[in-house]
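To keep things clear, I will list the structure first and then write my remarks on it.
The values are calculated or read from the model by the stated rules, or taken from the named source; none is laboratory data. Bear in mind that the values here come from a model prediction, so they are computed numbers and not experimental data. Quick reminder, even Gly has a Cβ in these numbers, built from the backbone with ideal geometry, and neighbours come from all protein chains shown. Keep in mind that these areas ignore ligands, DNA and RNA; they rest on the heavy atoms of the full protein, side chains included. Shrake-Rupley method; radii C 1.70, N 1.55, O 1.52, S 1.80 Å.
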Amino acid sequence: DILLCHEKDSFYMEDFAREMQQISEDAIGVSRTNIIAPEISLISSFLYNILSICHDRSTPGQQYCDLILTFKGNGKIGVVKKLLFSLGSNIFSYVHSRMQNGWPRLEQILNPMDRQFQAALIRESMQRNVSAMIDQNQ
């Protein structure tokens with residue numbers, strides 16, 4: 001039941017993350033969205049858990065499997081502990097993702113032109129400069 005619960009929650013979180021990514025693409029463009037994809041995943045995962053926790057309910061995966069989180073000795077887990085657990089698990093996955101993919105520099109986020117496009121701009125600029133020099137010599 002626990003694995004099924006995790007799979008259901010993962011499915012819903014991925015769906016939520018896709019929606020957040022689509023909103024981001026519409027707002028800031030595809031290139032910038034790709035650069036900050038791990039951050040979008042972190043925020044969407046955390047929001048998914050917060051929306052369930054703040055209403056003092058289980059996640060949809062836990063509801064599907066009829067699971068209730070409990071704490072040894074005290075019974076139910078409080079909202080603060082659930083939030084800390086959610087934040088902790090999401091941050092570890094974010095750091096892992098960033099360690100694999102690298103950390104973006106601020107200029108990459110603010111100016112996300114890819115290298116091929118930059119190379120094309122440089123070639124075009126050089127061709128204009130060469131043409132201008134030829135025109136001056138004639």
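Structure values in brief
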{"quantity": "Residue ID - modelled with the lowest pLDDT, chosen from residues in the range 45-76 that are open to solvent by 50 Å² or more (accessible area, probe 1.4 Å) and among the β-branched types (Val, Ile, Thr)", "calculated": "70"}
{"quantity": "Residue list for the range 77-92, restricted to those being surrounded by 14 or more Cβ atoms within 10 Å (Cβ to Cβ) and either in contact with a Pro (Cβ under 8 Å, 6 or more places away or on another chain) or in contact (Cβ under 8 Å) with a residue 24 or more places away in the chain (or both)", "calculated": "82, 83, 86, 87, 90"}
{"quantity": "Test: residue in the range 26-41 that is at pLDDT below 80 and open to solvent by 90 Å² or more (accessible area, probe 1.4 Å)", "calculated": "no"}
